[in-house]
Structures are given as structure tokens and as C-alpha cells.
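The values are calculated or read from the model by the stated rules, or taken from the named source; none is laboratory data. Treat the numbers as computed from the prediction; the structure is a model and nothing was measured. Reconstructed Cβ throughout: ideal geometry from the backbone, glycine too, with neighbour counts over all protein chains shown. Note: areas computed on protein heavy atoms with side chains; ligands, DNA, RNA excluded. Shrake-Rupley method; radii C 1.70, N 1.55, O 1.52, S 1.80 Å.
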Amino acid sequence: MERYHYVIDRLLKLGRLDEALAEAKHVENYDILEIADILSEHGYEDQAVQLIEERVEQHSPTDLLHWLQERYQSRGNPEGALEIAKRTFTAHFFEATIERYREIRQLAQQLDRWDEVRSELLTYVNQSRKTDVEIEIALDEGHINLALELLKAGKQTKDPRSGPYGSTNLNVGIEVAKAAEENYPRETIEIYQRYVDMRIEWRDRGNYQVACQYLLSIRKLYQKIGKSNEWTTYIADLRERNARLPALKDEMAKAKL
């Protein structure tokens, strides 16, 4: 790589662009961005972009796609930036995130294409079974009922240690509960209760402390819907089931439960 770096830089200083681009063809994808930067430094921005465009026609490394999207945006090419952002989202499983979804939404809305693009992204997420991202999208768009339905569909009953809704939905379940507290208290209580069981199953004081925070939320929700008697029954049963866990008892006492 050092040889290519030196040779290409030297050729560009001598004004021998075609030879420099010929040398660049031999550089591997994981080093090609350095060459693109050298081209840009010498004033050959168009050639740098074309170089990366040619690479992503055959391959889809995320670093090249991100670089190209940034260049399109900075050069006033929102259409190109949108297409690359969509490709990144759908070509790489771990790039399909809520953050990427929001980024694409912003680009598509600028071009008045959001309805069309949204449909494409949701189809991909659904077919890829990325339920956690589906749920995050539902929450982001204010569809709390849909988020609850999606979460419920992933309910786990055999092994609470992997999470009440599966390991991939471990964190998003709490996001749903927080969003649903106001309008869906019953559903929220059930979610929190499942996370209480999970944390207790995981043992140690740190998990017991988190469980106690969920218990406080549960108590508050029962009081909100006028079912304090159900809270009393629930917490008594919880104590009985975990009577041999003194550390849990201690943390519950600290939390005034």
C-alpha cells in the first residue's frame, strides 16, 4: 500500500492522471479510500468519486458506501445520496437500524419520495425478520399499538434468561413499555412484570436493583388504574416465589417495596 500511495501521489504531482488511475485499479477495497483522498487532495474530486463508484458497482463495503453517500451530499446530489443510503440499509444486515431509517427518511422527504421509500424499507425489515427495528420504527412514528403487537409476537416462555421477548428484542421491550405507559397501562404492566422475572432470574444485586425500578413502575400503574388490590396480590406472590433470595429482599426494602 505504501508503494501505491507513493507512486500515485508522485504521478499526480507530475500531471499523469491516467497512469495514476491505472495504478489505483490494483489497490484493494480496504485501502482504496486512501487513494480517493489523494486524488481529492490533488484536485481530482470527480475522479475520486468515479473510482469509488466503480468499486461499489461490484462490491458493497460499508465504508465505501458511507464515503460515497457523504460525497454525494456535499456535492449537492441528494438523489445519489438517497440511493446509496437505501443500498447500505438493505445490503448489510447490521446497517438496518433506526438511525439509518431516520437518515433515509430525511433524504427522501427532501425529494418528496418518502412514501415510496418507506414502503421499500419496511418490506426489507419485515422480510429480514428484524423485529427489533420494526418495533423501533413503530415507536418512532407514534404507532404504539403496532409496537405492542410486534413485541407480543416475539414473546418467549421457555427460557427467561434470554429475555422475555427474545435476545434480539431485549432492550426494545423496555422502550415499548415506557412509550405505552400513558395509554396502555395493562399491557405495560405485563411487559414490566416479564422483565422483573428476567432480572431476578439473572441474579446479583445489580439486576435486583433494576427489577425494583420496574416494580416501582408497576405499582404506579396499578394505582393509576385503581387496582391497588391487584398490586398487593402480585407483590405478595413475587415475595413468596423468591423467598430464598435475601439480597432481593434487601433491595426491595431499600426501594420501599
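Given (1) 84, 41, 28; (2) 45, 40, 36; (3) 62, 52, 34, which label gives Cα extents along the principal axes in Å as computed from the coordinates? So the structure-derived entry is (1). One decimal place: the segment K256-K25 gains 76.3 nm when fully extended, by the rule 0.36 nm per residue minus the C-alpha distance.
Quick one: which of K152/K220; K130/K249; K130/K254 span more than 31 angstrom between C-alpha atoms? Exceeds cut-off: K130/K249; K130/K254. Label-to-label distance, E45 versus L216, with points set 7 angstrom from Cα along the beta-carbon direction: 5.3 nm. Residue by residue, segment 64-69 carries 3J(HN,Hα) couplings of 5, 5, 5, 4, 5, 4 Hz when phi is fed to the Karplus relation 6.51 cos²θ - 1.76 cosθ + 1.60 (θ = phi - 60°); x denotes Gly or Pro. When both segment 111-152 and segment 1-79 are represented by their alpha-carbon centers, they are found 35 Å apart.
Highest mean first, the peptides 14-24, 34-44 sorted by other C-beta atoms within 10 Å per residue fall in the order 34-44, 14-24. With 0.36 nm allotted per residue and the present C-alpha distance subtracted, the E149-T97 stretch has 16.7 nm of extension available. Net length available on complete extension from E201 to D140 is 18.9 nm, with 0.36 nm assigned per residue and the Cα-Cα distance removed. Rolling a 1.4 Å probe across all protein chains gives D9 an accessible area of roughly 40 Å². Approximating the spin labels as points 7 Å out from Cα along Cα→Cβ, the T123-to-Q109 distance works out to 2.3 nm. Calculated mean residue ellipticity, 222 nm, the chain: -23500 deg cm²/dmol, from DSSP H runs (n ≥ 4) at -39500 (n - 2.57) each, averaged per residue and rounded to 500.
Straight Cα distances below 28 angstrom link K25 to the lysines K13, K86, with same-chain residues fewer than 8 positions distant left out. For the chain, carbon and sulfur atoms together expose 45% of the accessible surface, with a 1.4 angstrom probe and every protein chain in place. Entry comment: accessible area of segment 192-257 is 57 Å² per residue, from protein heavy atoms only and a probe of 1.4 Å.
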